[in-house]
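Okay, structure first, notes after.
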Amino acid sequence: MAGGGDELKLLATWFSPFASRVKFVFHLKGLSYENIEEDLKNKSELLLKSNPVIKKVPVLLHNGKPLCESMVIVEYLDETFAAVGPSVVPADPYERAVARFWVSYIDNKLVAPWFQVFRGKTKEEKAEGLKQMFEATAVMEVAFRECSKGRPFFGGDAVGIVDVALGSQLGWLRASETLSGIKLFDPAKTPLLLAWAERFLALDAAKASMPESGRLLAYAKMRQAETDAANASK
Ligand SMILES: N[C@@H](CCC(=O)N[C@@H](CS)C(=O)NCC(=O)O)C(=O)O
């Protein structure tokens, strides 16, 4: 793998879809890195020192210098190692700005409501989260048509930052679908996203960066049971 001379360490947890975004770029570019597995119930001094503001993974340590927030790290790696492997950030300023808009939309309108469904305290809260997720998925179907212009990815012929942002969430989205029996990506309503998801998951970088589906499903089941028990006792 490339990246010789640079020390790249990633503070992560195996199940984190946000850490998967960064791992995806490492694998896509063929950059060597050291994965440091965090226990989020007992965060290390290194994590607390490196990300004192939000105290979350992923954190990149580039030659010892910390950087937080998954998509900030993705763009930083893309720029810093521009000469190594494929690029995920569009070179054209307008296309770059549009792609960043969709990344922000994914985090605010799809991922945030998903947390509400998973962790919501009441049935109403969960139902509202689910409604918002379906609305956002319908919007992303149209966004895919517009961004891809008939090509395989949001980024066109190759994956871009929108693919990385959404694609790395697919493991959790699928685990949630299995647990709830509710399909978010639907052959009738979101055929383009359904086909895109298959394409994304078939990429070597996706296989190398995303959690194994059986292990993730067991973990999601356990977390769901923990959350339900905590809500029931309130
Ligand atoms: N917006 C952040 C989200 C990161 C995040 O939520 N990480 C979770 C793991 S999936 C975490 O570290 N949680 C620990 C905590 O909430 O204390 C990013 O994109 O990096």
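The values are calculated or read from the model by the stated rules, or taken from the named source; none is laboratory data. Given the structure is predicted, the values throughout are model-derived calculations rather than measurements. Backbone-built Cβ (ideal geometry, glycine too); neighbour counts: all protein chains shown. Remember, those area values only see protein heavy atoms, side chains included, never the ligands or the DNA or RNA. Shrake-Rupley method; radii C 1.70, N 1.55, O 1.52, S 1.80 Å.
Out of the residues in the stretch 12-59 meeting the condition of being near the ligand (Cβ under 10 Å from one of its atoms) and aliphatic (A, V, I, L, M), tell me which one is surrounded by the fewest Cβ atoms within 10 Å (Cβ to Cβ).
So, considering only residues that are near the ligand (Cβ under 10 Å from one of its atoms) and aliphatic (A, V, I, L, M), the one surrounded by the fewest Cβ atoms within 10 Å (Cβ to Cβ) is Ile54.
How about the stretch 205-234: which of its residues are within 16 Å of the chain's Cα centre (by Cα) and not aliphatic (A, V, I, L, M)?
Lys207, Ser209, Pro211, Glu212, Ser213
If you scan the stretch 60-74, which residues turn out to be away from the ligand (no atom under 12 Å from the Cβ) and touching a helix residue (DSSP H, G or I) at 6+ places or on another chain (Cβ under 8 Å)?
Of everything in the stretch 60-74, those that are away from the ligand (no atom under 12 Å from the Cβ) and touching a helix residue (DSSP H, G or I) at 6+ places or on another chain (Cβ under 8 Å) turn out to be Leu61, His62, Pro66.
Of the numbered conditions (1) modelled with pLDDT under 95; (2) of a type outside the set (Lys, Arg); (3) surrounded by 19 or more Cβ atoms within 10 Å (Cβ to Cβ), Val162 satisfies every one except a single condition; which is it?
It fails just one condition, (1).
Quick test for you: out of Val142, Val72, pick the one residue that is of a type in the set (Val, Ile, Thr), at pLDDT 95 or above, open to solvent by 30 Å² or more (accessible area, probe 1.4 Å) and more than 17 Å from the chain's Cα centre (by Cα).
The match here is Val142.
From (1) open to solvent by 70 Å² or more (accessible area, probe 1.4 Å); (2) touching a residue at least 60 places away in the same chain (Cβ under 8 Å), pick out the condition that doesn't hold for Glu125.
Tallying (1) open to solvent by 70 Å² or more (accessible area, probe 1.4 Å); (2) touching a residue at least 60 places away in the same chain (Cβ under 8 Å), Glu125 fails exactly one: (2).
Can you name the condition, by its number, that Tyr94 falls short on among (1) open to solvent by 10 Å² or more (accessible area, probe 1.4 Å); (2) within 15 Å of the ligand (Cβ to nearest atom)?
Failed condition: (2).
Only one of Ala195, Ala175 is assigned to a helix (DSSP H, G or I), open to solvent by less than 50 Å² (accessible area, probe 1.4 Å) and in contact with a Leu (Cβ under 8 Å, 6 or more places away or on another chain). Can you tell me which?
Ala175
Sort out which residues of the stretch 150-172 are more than 18 Å from Pro58 (Cβ to Cβ) and part of a loop (DSSP other than H, G, I, E, B), and write them in order of number.
Gly150, Arg151, Pro152, Phe154, Gly155, Asp157, Ala158, Val159, Gly160
Are there any pairs, at least 6 apart or on different chains, whose C-beta atoms fall under 7 Å, with the first in the stretch 10-38 and in the same structural domain as Asn51 (by TED's automatic domain parsing) and the second within 11 Å of the ligand (Cβ to nearest atom) and aromatic (Phe, Trp, Tyr), and if so, which?
Pairs found: Pro17/Trp172; Glu37/Trp14.
So which of Gly156, Gly120 ends up being of a type outside the set (Val, Ile, Thr), closer than 30 Å to Ala230 by Cα and open to solvent by less than 20 Å² (accessible area, probe 1.4 Å)?
Gly120
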